[in-house]
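The values are calculated or read from the model by the stated rules, or taken from the named source; none is laboratory data. Quick caveat: nothing in here was measured; it's all calculated off a predicted structure. Methodologically, a virtual Cβ is constructed for each residue, glycine included, from the backbone with ideal geometry; neighbour enumeration extends over all protein chains shown. SASA here: full protein model, heavy atoms, side chains in, ligands and nucleic acids out. Shrake-Rupley method; radii C 1.70, N 1.55, O 1.52, S 1.80 Å.
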Amino acid sequence: EGHRNDVYLACKTLCRDRKSAEEEMKTSRKLLKTDYFDTYQLHAINGMDDVEQAFAKGGVMELLDEMKRAGIARHIGFTAHNEEAALEMLRRYPFETVLFPVNWLMHMKTGMGSRLAKVAKEQGIGLLGMKFMIDRAWESREERFSSRYPKSWCKPFSPEDGELIVAAMRYALSVGADVLDPPGNFESFSFALEHADEVFSEELTAQDKELLAARFLQNEDKLFF
């Protein structure tokens with residue numbers, strides 16, 4: 001409260017039906033003390049069932065479209081981990097943003113995100129890159145819960161991996177990400193902020209590629225999707 005004009009405020013919903021989503025949206029506006037959102041996202045579109053539910057009669061997309069028309073949401077977007085489902089979402093509605101994994105390991109191994117990045121660029125959609133600071137899948141439950149990042153379901157780079165993190169950030173931009181959305185832990189988030197100017201001022205370098213290629217040989221069988 002009192003700072004609304006100084007921040008870019010994004011919010012999201014997991015609801016797939018209009019009624020539940022509307023109740024949740026009103027609660028979010030009340031708690032955040034705002035009349036509008038800069039971006040409102042339909043969260044976790046992870047398969048075609050999610051797409052069909054969202055666009056069904058009485059589905060959440062009815063509400064999101066009305067929010068956009070009424071100015072309650074200045075921009076409408078969604079988040080996804082499934083590329084086929086994400087592409088289908090873009091075929092059905094003129095979304096303005098999509099939050100999607102743009103990760104060096106997954107892209108180098110499977111090309112994950114390439115088709116989505118191409119469509120996003122062609123249609124002028126903002127591609128918000130997440131998971132770009134992820135190193136690999138956890139090797140075991142014990143490794144995860146004895147680490148400094150037990151809340152993360154895949155292993156982030158450690159702050160000590162500074163050069164690799166910078167390379168991974170530049171890699172995500174080279175793939176087509178417009179925005180880099182770092183993990184929520186303090187160390188990763190702080191690193192991203194502190195190195196943003198360095199990353200955005202120079203394209204992916206030969207040294208970056210060499211660092212990631214060497215790490216790829218260690219991690220290519222540790223995919224997290």
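A simple spin-label model places pseudo-atoms 7 Å from Cα toward Cβ; at Asp178 and Glu143 they are separated by 3.6 nm.
Counting only protein heavy atoms and a 1.4 Å probe, tell me what percentage of the chain's accessible area is made up of carbon and sulfur. Spell out each step's value before the answer.
Details: 6050 of 11870 Å².
The value for the chain is 51 percent carbon and sulfur by accessible area.
Taken as Cα centroids, the range 41-100 and the range 130-176 sit 27 Å apart, rounded to the nearest whole angstrom.
Ranking Trp153, Trp104, Trp138 by solvent-accessible area of protein heavy atoms (1.4 Å probe, all protein chains present), from largest to smallest, gives Trp153, Trp138, Trp104. Given +1 at the Cβ of Lys and Arg, -1 at the Cβ of Asp and Glu and no other charges, the dipole of the chain around its Cα centre is 720 debye to the nearest 20.
Net charge near Arg16: determine it from the other residues with C-beta under 12 Å of the C-beta of Arg16, scoring Lys and Arg +1 and Asp and Glu -1.
-4
Ordering Thr97, Leu14, Met130 by the projection of their Cα atoms onto the charge dipole of the chain, which places +1 on the Cβ of Lys and Arg and -1 on the Cβ of Asp and Glu, puts Leu14 at the extreme positive end.
So with the 1.4 Å probe, I'd like the accessible area per residue for the range 1-77, rounded to whole Å². Display every interim value, and only then the final one.
Values: 4510 Å² over 77 residues.
Normalised by residue count, the accessible surface of the range 1-77 is 59 Å².
Residues in the range 97-163 average 47 Å² of solvent-accessible surface per residue, probe 1.4 Å, ligands and nucleic acids excluded.
For the Cα atoms of the chain, what angle does the longest principal axis make with the long axis of helix 60-70, in degrees from 0 to 90, nearest 10? The angle comes out near 70 degrees.
The simple spin-label model puts a point 7 Å past each Cα toward its Cβ; for Tyr93 and Arg115 those points are separated by 2.1 nm.
Estimate the FRET efficiency between Trp153 and Tyr36 by the formula 1/(1 + (r/R0)^6), using the beta-carbon distance for r and 35 Å for R0, to the nearest 0.05. Between Trp153 and Tyr36 the formula returns 0.65.
Recomputing log10 I(q)/I(0) by the Debye sum over Cα atoms at q = 0.07, 0.17, 0.18 Å⁻¹ from the coordinates shown identifies the correct label among [x] -0.20, -1.32, -1.50; [y] -0.24, -1.26, -1.34; [z] -0.21, -1.18, -1.29 as [y].
Here the dipole of the range 19-129 is about 280 debye; that uses its Cα centre as origin and unit charges on the Cβ of Lys and Arg (positive) and Asp and Glu (negative).
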